[in-house]
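Everything on this sheet refers to the single structure shown next.
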Amino acid sequence: MASGGYRNGTQKAQALRTSSSFKSKLPPSVSSNGRRSSTIDAVYGRVRVAVRLRPRNAEELAADADFADCVELQPELKRLKLRKNNWDSDTYEFDEVFTEFASQKRVYEVVAKPVVESVLDGYNGTVMAYGQTGTGKTYTLGRLGDEDVSARGIMVRSMEDILANICLETDAVSVSYLQLYMETIQDLLNPANDNIPIVEDQKTGDVSLPGATVVEVRDQQSFLELLRVGEAHRYAANTKLNTESSRSHAILLVQIKRSVPGREADFSAETDHSSHLTTNYKPPMLRKGKLVLVDLAGSERVNKSGSEGHMLEEAKSINLSLSALGKCINALAENSAHVPVRDSKLTRLLKDSFGGTSRTSLVITVGPSPRHRAETASTILFGQRAMKVENMLKIKEEFDYKSLSKRLEVQVDKLIAENERQQKAFETEVERIRLEAQNHVIEAERNYAEALKEEKMKCQMEYMDSIKKLEEKWSLNQQKRTNNARTDGTSITEEVSELKMLLQNEMQTRKAAEEEIYKLKDQLHMLTKPGSAGGNSDILNLQSMLEEEIRQKKRLEEEVIVLRSQFSQLTMEAGQRTSYLDRSRNGTGLPGLDSLSPLRNLHCKDATNGERSSITNLHEQVGLHKILSLLESEDDTVRIHAVKVVANLAAEEVNQEKIVEAGGLNSLLMLLSNSVDETIRRIAAGAIANLAMSEANQELIMTQGGIALLAVTAADAEDPQTLRMVAGAIANLCGNDKLQTRLRSEGGIKALLGMVRCRHPDVLSQVARGIANFAKCESRASAQGQKAGRSSLIEDGALTWIVQNSNNEASMIRRHVELALCHLAQHEVNAKDMISGGALWELIRISRDCSRDDIRSLARRTLTSSLTFQAEMRRLRIEL
């Protein structure tokens, strides 16, 4: 068969392969009203399917060592052979066949890069991974490549190409990240948005999700952060086929808007009859492409995956949605008149990908194990049927009237600003004329005042002249009278002479006193001049002695600082030696792998006979001591499986006493202390949390230093699930009245408050539960007279966090924090701190708005019984 033809291809598929741009050569159509149509003539193309083989994992290497792979690849012929038995096999052809050694880069360039290029040209595109659970779908699509750049998946590489081929000034890229879990669409970027409806356009049939969070992407790093946030919120579980099995379908929606340069001229030629405004302001062309990346949850058989309980319901939902997808593809492949798209939300979301207008590439992933031949055959047949599905590719172009509107708004804003400037200039000119007139009026008033003043001075001068003439006349009359009384003037002359003599005597006496003062000053100057040199030398001596004292003081201070630093260093070294000796005294060696053989023999026996035994009676078949001995194995995989079994056993109350009696608690604490594997520490912390639900076990955990180990783990861990387990264990211990003092002294409360740095809702819920338990025990102890003084939570600074989260959106966090506030407020000594910390307002809100009647009543009783709260409420004029 030629390389251009495919097993299930059609003649119309040749049109897709012969055109590299997938664009119609026909001219675009224009509607009667002058508006451009939204799409260009379509071309046909079928779904392209590639198969990728996963290499054998460790379990398959051990279990299937004597059996050959069930598939044989012929990549040069693009064929795959599925063995029926040792002498017969079925042959299938695909668009591409990838061996287990194919690199992530080659898979992307062959499968996804043509789709990404089409999306950049304005088409819709879909890349989807389908296969059995544990065959590498998430690895192919969603691998971030933090540790190994070459391991980056299709999602990361697609966004790299998109950002490299767009202009951020004129183009836009937005992202939504969703998951379909149990037939509900949930937002992975906003977990509170957990039931997004699907809206379908009645005219075009397009499907949209208006309630999903849309984030604009400007660089690759922000996109990677969004993927990490989404992966943290995605549901996953541990099954027998996959330790991190996805329990939901992940859907990444990438919307691309690109402006098309050079298309305004076409629009101008087509709309010559349009208005003058439209001719001057030509709307640019805009292409909209949508890329959909779908990581489907793996199909699984319950008897192989071991799903039960809630996981069984998840498996049923996954298989039902995949079955609905298979039915739709069968109907499309057979050109059936009815396609059951509405049987599942998954098929509704992928309506455009199969039989629609999207260019679709499908990667089917298979495993080599002959034990899963039936699942491999089902996956291959799914891909074969998908190759028969034809899509009608359409490029979407439209005039960017929003951009034109923005340009017109900018122009209007400029005109408004110019009008305001002219108005301002007019008002300024009017104000200038008003000020000028006012100045003229002021000048006239000033001139009038000066003229009035001159006239007044003239009148005064005339008045003075009249007075002077009258005085002259009066003096003449006086002279005449003096001549008549000359005889009396002789006595007056004598008195004047006597007064002159007395005045001269006084002047001489004053002059003599001044001369005496000058002499005394000269003598004083002569006396002080030789003595001043001696005084200065004494002062210099004193200054030199003072400087020497200051230098000695500085040297002593420097010596004190050096001695203090040496003392601190010696103290720290002594503490390090003590902690090292303590760790050496408590350390134990790790045993070998000899105890692994019974568990491996048990797995081989179950696989041969087709029988499985539940985890609850596993210790009856193998023995609890054997399982606990596996916790000390040097093989991390063995220890992970063993600690998972112990954690599941500890979840049942009937097994907890047996585990503790067999030394399981000590082994779990040793794992928490010595293991560096994050998975082991997370599961061990979860097992300890299960054991801590028993009051008897709580005292044993405290006695064996468990709270200190949990505090160290909380400080070191960054994984939200590990922190959730540790917080749950500490929260259980916080509910024991007898352990309050030791719990705080050994760092339990500090560790609990330190974990709020994670900000994960599950972690914060456990922290809030622990704080509520601790506050309840403190309240009970205070009521019984066993505790006095402020709450330990307030002393450790927990009140600020409690007040900030008292109205948290998560109901579990809010309920626990509200209870903690009520319990703290029951002790009168805490009232002043709570008022200054803003807790009073939260208590009032709880007493009025809390959804739970018991908490609302408790808050009301607490406020009415506290004298301090009542006084503060009267001061603020607040009534309940």
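One table, with the values for the structure above:
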| item | result |
| --- | --- |
| Diffusion constant of the stretch 823-867 at 10 °C, which comes from Stokes-Einstein with the Kirkwood Cα-pair radius and 1.306 mPa s, µm²/s | 152 µm²/s |
| Backbone N under 20 Å from the T213 label point (7 Å along Cα→Cβ), restricted to the stretch 744-773 | 756-766 |
| Share of alpha-carbon pairs per 5 Å distance bin for the stretch 377-485, given as whole % | 2, 7, 5, 5, 5, 5, 5, 5, 5, 4, 4, 4, 4, 4, 4, 3, 3, 3, 3, 3, 2, 2, 2, 2, 2, 1, 1, 1, 1, 1, 1, 1, 0 |
| Proximal charge balance of K351 [Cβ under 14 Å; K/R count +1, D/E count -1] | 0 |
| The stretch 777-840 - convex hull of alpha carbons, volume per residue in Å³ | 74 Å³ |
| Electrostatic dipole magnitude of the stretch 666-814 [Cβ: Lys, Arg +1; Asp, Glu -1; Cα centre; debye, to 20] | 400 debye |
| Descending Cα extents along the principal axes, the stretch 40-122, whole Å | 57, 27, 19 |
| E429-Q202 FRET efficiency (beta carbon distance; Förster radius 56 Å; 0.05 resolution) | 0.40 |
| Surface per residue (accessible, 1.4 Å probe) for the stretch 762-880, Å² | 48 Å² |
| Protection-proxy order for peptides 422-431, 654-663, 360-369, 639-648, each taking the mean of Cβ atoms within 10 Å per residue, highest first | 360-369, 639-648, 654-663, 422-431 |
| Peptides 779-786, 288-295 ordered by average Cβ neighbours within 10 Å, highest first | 288-295, 779-786 |
| Heavy atoms of E652: accessible area, 1.4 Å probe, square angstrom to 10 | 70 Å² |
| Rule-of-thumb Rg ratio for the stretch 311-366 [Cα; 2.2 N^0.38 Å; N residues] | 1.19 |
| Peptide ranges 200-207, 87-94 listed from the most packed, as the mean C-beta count within 10 angstrom indicates | 87-94, 200-207 |
| Accessible surface of the stretch 666-740, 1.4 Å probe, proportion on carbon and sulfur as whole % | 51 percent |
| FRET efficiency, 1/(1 + (r/R0)^6) with R0 22 Å, evaluated for V829 and Q870 via beta carbons | 0.90 |
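The values are calculated or read from the model by the stated rules, or taken from the named source; none is laboratory data. None of the values given here were measured: they were computed from a predicted structure. With ideal geometry, Cβ positions are generated from the backbone for all residues, glycine too; neighbour counts draw on all protein chains shown. The accessibility values were calculated without ligands, DNA or RNA, using every heavy atom of the protein model including side chains. Shrake-Rupley method; radii C 1.70, N 1.55, O 1.52, S 1.80 Å.
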